[in-house]
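Participant: Before anything else, here's the structure in question.
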Amino acid sequence: MQTAGKALVYVLVFLISALILSPLLFTVAGSFAVYWGADMYSAGVTLSWYAKVFEKFGHTIGFTLVLAFCTVLVNTVLGTMAGYWFYRWKSRWVFVLEELLSLPIAVPGIAIALALIQTYPAMRASGALMLVGHVIITFPLMFRTVLGTLRTKDFRTLDECAATLGAGPMYRFFHVIFPSIRGAILSGAVMVFMLSLGEFNMNFFLYTPLTVTLPIGLYEAYSTLRIELGSAYTTLFLAMAIPLMYLLHRLNQSSAFSRNGGV
Amino acid sequence: MEESTVQSMEIAIRGVSKTFQDGTTALQPIDLQVAAGEVLVLLGPSGCGKSTLLRMIAGLEQPTAGRILIGDRDVTQLPPEKRGIGFVFQQYALFPTMTVEENIMFGMKLRKIGKQEQKAKLEELLALMNLTELRKRLPIQLSGGQQQRVAIARVLATDPMILLMDEPLTALDAKLKEHLRLELAQLFRKLHITTVYVTHDQTEAMAIADRIVVMNKGVIEQSGTPKEIYLKPKSSFVAQFVGQVNRLRAKVKTAERGNVLDLGFYQLPYKGESRAVADIDVFLRPEDVYLTQEAGFSARVQDVIFLGDHYRVIAESGGQKLVIDVGNDTLIHEGDQVQLEIREDKIIYA
């Protein structure tokens, strides 16, 4: 009976995994087909689609990475500062403001994009508006991760203790608080990076011919070009995202605190 | 240690009070002077304002009114890092990412001391606090007692002008607490550093203090040496908070040879401040009642608790309950009728 139950669980897990993974696997497989028809490899196997992706969309990959890096950079500073500041701030209004700052997670990307275009039309051409948009929608991830980690331990006492030992606010942050939340900041950064990398919704409204990002290019590839090209493009995208996923998982498993212990 | 210790400073607290944002008053205006080199213990139940007062001396809390002086320097407006203090926290507050050595070096690095001198001081402190073997460990690899020793070494490394300790032993188990209490008392004697020590544990206060300040509900109830506090409590709160005590209802009556204290079951000469006939409460320590053969008064034993080195006996006489301590070789049982006598000069009229 017990073995039967176990087997059932395994079958279920397998079925669900297959359901989630097979579209991706098909896409990866299709990216190597000369012609993806009813019979995938009937016309042979090729790498030429990959060459085409780099030829046509190489610049979008570069731009997307730059955009994601800039987003991470800005939000690492902003999110960490805001998280630390909120942690130290003793007021009931903290919670109200915290919710407000987390709002971008709940608001659809389209809405934010349209609001941004209406508010800062001048910034659109340079692509700066895209960076602003990415910073806004990914900010809560960094902010929440840092604040959450700070709240799990008594950092206030550590901070007070460092003060009584003669350390000023900056020294305290960089020598006491930062080393303990480094893991959280890193995992926040990876999440921000991944979200920025895959953002489509908002990009779709904000992009200009000079600021095409990877997901926009992907959309274009699928909608106007060959499915095999789109598949190759998707595969490259996955190749970037999966290592990051893995890194994130590792970071969450061994955050700075589980290694070094608490207060 | 002595030669490297900075001149210890006196602390003056002038009219300091604290009302929190939500309107609760933690501390009524308080005046308190701590002499240079004195070990002063703030003793009181939780919520009496003792920790708030300590945190205000440290600068971790801002007083609502009043001034705080360390030496001649008015530090009221200074942040903690500019006050030249050392603070030991109840939860140790060791930096989790740093080793024992790094923790101790933390404050030293912020001062303008030569590398050589820093190293020498580190070795000295490791030896003093018995931590040499543990120098490379992280806080999580240490026991509670070891962690607190690191915390103390870390504070001493900065040569503080005053030492502030907030219930440093509370988080430790009983046996270790007793051991560290003795170590601390010896350390204080050796260092001659002005210390303000907060605790709710009266045994700890007695063992460590030059002077005890008993606080309750944001005011100072009494200030005095441990002996004064224990033997001559000035209020019923102090009598009941410090040590075990019996509270007895009594009547003061006029008699031919001066006033008499009538406990109902027993009469004694009244030695409190002169007053007319009145109903009062008096206090009596368990060790000031003893078993006797003749005289005294009779009481019925309600309960006998074996505490190792002595029995704690709960007796009843004339409707009043009496807790008394007797030697562990005494033959005494529940339900016994016993003769008791009171050391009349030990009765506390508070």
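The values are calculated or read from the model by the stated rules, or taken from the named source; none is laboratory data. Not measured: the values here are computed from a predicted model. Glycine gets a Cβ as well: all are built from the backbone with ideal geometry, and neighbour counts include every protein chain shown. Accessible surface areas use protein heavy atoms only, side chains included; no ligands, DNA or RNA. Shrake-Rupley method; radii C 1.70, N 1.55, O 1.52, S 1.80 Å.
Participant: Enter the Cα centre distance for the pair the range B:48-77 and the range A:138-209, rounded to the nearest angstrom.
Facilitator: 33 Å
Participant: Only four residue types carry charge here, +1 at the Cβ of Lys and Arg and -1 at the Cβ of Asp and Glu. Report the dipole size of the protein assembly as shown about the Cα centre in Debye, rounded to the nearest 20. Write out the running numbers ahead of the final one.
Facilitator: Working: 58 positive and 55 negative charges, 322 e Å.
With Lys and Arg at +1 and Asp and Glu at -1, about 1540 debye.
Participant: Another question, if that's okay. Across peptide B:140-149, how many C-beta atoms of other chains are within 10 Å of each residue C-beta, on average?
Facilitator: For peptide B:140-149, the averaged partner shielding equals 1.
Participant: Sticking with this one: Given a Förster distance of 41 angstrom, what is the FRET efficiency for A:Ile117 paired with B:Glu183, based on the Cβ-Cβ distance and rounded to 0.05? Don't jump to the answer; show the numbers that get you there.
Facilitator: Details: r = 69 Å, r/R0 = 1.69.
Rounded to the nearest 0.05, the efficiency is 0.05.
Participant: Please compute, for peptide B:87-94, the average count of beta-carbon atoms on other protein chains lying within 10 Å of each residue's beta-carbon.
Facilitator: Neighbouring Cβ atoms belonging to other protein chains average 5 per residue here.
Participant: Compare the Cα positions of B:Phe283, B:His310, B:Leu322 along the charge dipole of the range B:244-343 (+1 at Cβ of Lys, Arg; -1 at Cβ of Asp, Glu; about the Cα centre) and return the one farthest towards the positive end.
Facilitator: Farthest towards the positive pole: B:Phe283.
Participant: How much of the DSSP bridge set in chain B is antiparallel, in percent, rounded to the nearest 5? It would help to have the intermediate numbers written out before the result.
Facilitator: On the way: 55 of 73 bridges.
Looking only at bridges with both residues in chain B, the antiparallel portion is about 75 percent.
Participant: Next up: Given +1 on the Cβ of Lys and Arg, -1 on the Cβ of Asp and Glu, and no further charges, what dipole in debye does the range B:11-240 carry about its Cα centre, rounded to the nearest 20? Please report the intermediate quantities before stating the final value.
Facilitator: Values: 29 positive and 24 negative charges, 68 e Å.
Using Cβ point charges on Lys, Arg, Asp and Glu, the range B:11-240 gives about 320 debye.
Participant: Roughly how tilted is helix A:128-152, in degrees to the nearest 10 and between 0 and 90, from the longest Cα axis of chain A?
Facilitator: The answer is roughly 50 degrees.
Participant: Using only Cα atoms, tell me the angle between helix B:174-191 and the longest principal axis of chain B; keep it within 0 to 90° and round to the nearest 10.
Facilitator: 60 degrees
Participant: Residues with beta-carbon under 12 Å from that of A:Phe178, excluding A:Phe178: net charge, scoring Lys, Arg +1 and Asp, Glu -1?
Facilitator: On the way: positive: A:Arg172, A:Arg182; negative: A:Asp159.
Local charge sum for A:Phe178: +1.
Participant: Between Rg and the Kirkwood Rh of the range B:244-343, both from Cα atoms, what is the Rg to Rh ratio? Display every interim value, and only then the final one.
Facilitator: Numbers: Rg = 14.4 Å, Rh = 14.3 Å.
Using Cα coordinates only, the ratio equals 1.01.
Participant: Further, regarding this structure: For a 27 Å ceiling on Cα separation, which of these pairs sit above it: B:Lys109/B:Lys136; A:Lys90/B:Lys82; B:Lys50/B:Lys234; B:Lys50/B:Lys346?
Facilitator: Beyond 27 Å between Cα atoms: B:Lys50/B:Lys346.
Participant: Any idea what Rg and Dmax come out to for the protein assembly as shown if you just take the C-alpha atoms, in Å?
Facilitator: 35.9, 129
Participant: Tally the DSSP beta bridges in the protein assembly as shown and give the antiparallel ones as a percent, rounded to 5. Intermediate values should be presented prior to the final figure.
Facilitator: On the way: 56 of 74 bridges.
About 75 percent, rounded to the nearest 5.
Participant: Quick one: P(r) of the range A:1-110 from all Cα-Cα pairs, 10 Å bins, percents rounded to integers, in order of increasing distance.
Facilitator: It works out to 11, 17, 20, 21, 21, 9, 1, in whole percents.
Participant: Remind me, relative contact order of chain A in percent, using alpha carbon pairs under 8 angstrom and six or more residues apart? Write down the numbers at each step before the final one.
Facilitator: Working: 264 pairs, mean separation 77.3, N = 263.
Worked out over chain A, it gives 29 percent.
Participant: Further question on the same structure: May I ask you to rank B:Ser46, B:Ser235 by accessible area, largest first, using a 1.4 Å probe over the protein chains only?
Facilitator: Numbers: B:Ser46 105, B:Ser235 25 Å².
Ranked list, largest accessible area first: B:Ser46, B:Ser235.
Participant: Compare the Cα positions of A:Ala51, A:Ile105, A:Tyr222 along the charge dipole of the range A:47-259 (+1 at Cβ of Lys, Arg; -1 at Cβ of Asp, Glu; about the Cα centre) and return the one farthest towards the positive end.
Facilitator: Of the options given, the answer is A:Ile105.
Participant: Okay, next question. Tell me, what is a quarter of the convex hull surface for the C-alpha atoms of chain B, in nm² with one decimal? The partial results should precede the final answer.
Facilitator: Details: hull surface 89.0 nm².
If I average the Cα hull's projected area over directions, I get 22.3 nm².
Participant: Give me the Å³ per residue figure for the convex hull around the C-alpha atoms of the range A:110-178. All intermediate terms of the calculation are to be shown ahead of the outcome.
Facilitator: Numbers: hull volume 8.2 nm³, N = 69.
Residue-normalised Cα hull volume stands at 119 Å³.
Participant: Using the charge dipole of chain B (Lys, Arg: +1 at Cβ; Asp, Glu: -1 at Cβ; taken about the Cα centre), state which of B:Ile348, B:Tyr230, B:Met108 has its Cα farthest towards the positive end.
Facilitator: In chain B, that residue is B:Met108.
Participant: Please list, by residue number, every one of the chymotrypsin sites (Phe, Trp or Tyr not before Pro) in the range A:149-235 that is coil in DSSP and has at most 16 other beta-carbon atoms within 10 Å. Can you show the working numbers first?
Facilitator: Numbers: sites: A:Phe155, A:Tyr171, A:Phe173, A:Phe174, A:Phe193, A:Phe200, A:Phe204, A:Phe205, A:Tyr207, A:Tyr219, A:Tyr222, A:Tyr233; in loops: A:Phe200, A:Tyr207.
Sparse-neighbourhood loop chymotrypsin sites (Phe, Trp or Tyr not before Pro): A:Phe200.
Participant: Using only DSSP helix segments of four residues or longer, with each worth -39500 (n - 2.57), what per-residue ellipticity at 222 nm results for chain B after dividing by its residue count and rounding to 500?
Facilitator: On the way: 8 runs with 83 residues, N = 350.
When only DSSP H runs of four or more count, the value is -7000 deg cm²/dmol.
Participant: When only DSSP loop residues count, what chymotrypsin sites (Phe, Trp or Tyr not before Pro) in the range A:2-96 have their Cβ near at most 13 other Cβ atoms within 10 Å? Let's see the in-between values first.
Facilitator: Details: sites: A:Tyr10, A:Phe14, A:Phe26, A:Phe32, A:Tyr35, A:Trp36, A:Tyr41, A:Trp49, A:Tyr50, A:Phe54, A:Phe57, A:Phe63, A:Phe69, A:Tyr84, A:Trp85, A:Phe86, A:Tyr87, A:Trp89, A:Trp93, A:Phe95; in loops: A:Phe32, A:Tyr35, A:Trp36, A:Tyr41, A:Trp89.
Sites meeting the loop and neighbour criteria: A:Trp89.
Participant: Let me ask something else about it. What is the Rg over Rh value, at two decimals, for the range A:106-263, using alpha-carbon atoms and the Kirkwood definition of Rh?
Facilitator: Working: Rg = 20.1 Å, Rh = 18.3 Å.
Rounded to two decimals, Rg over Rh is 1.10.
Participant: Select from the range B:239-303 those trypsin sites (Lys or Arg not before Pro) which occupy a DSSP coil region and have at most 14 other Cβ atoms within 10 Å, ordered by residue number. Can you show the working numbers first?
Facilitator: Working: sites: B:Arg247, B:Arg249, B:Lys251, B:Lys253, B:Arg257, B:Lys271, B:Arg275, B:Arg300; in loops: B:Arg257, B:Lys271, B:Arg275.
In loop regions of the range B:239-303 (DSSP not H, G, I, E or B), the sparsely surrounded trypsin sites (Lys or Arg not before Pro) are B:Arg257, B:Lys271, B:Arg275.
Participant: Now, a different point. Could you please report the charge total around B:Leu27, scoring K, R as +1 and D, E as -1 over all other residues with beta-carbon less than 11 angstrom from its beta-carbon? Could you put the intermediate results ahead of the total?
Facilitator: On the way: positive: B:Lys18, B:Lys50, B:Arg55, B:Lys217; negative: B:Glu61.
After counting each charged neighbour, the total is +3.
Participant: How far, in degrees from 0 to 90, does helix A:109-119 lean away from the longest principal axis of the Cα atoms of chain A, to the nearest 10?
Facilitator: 70 degrees
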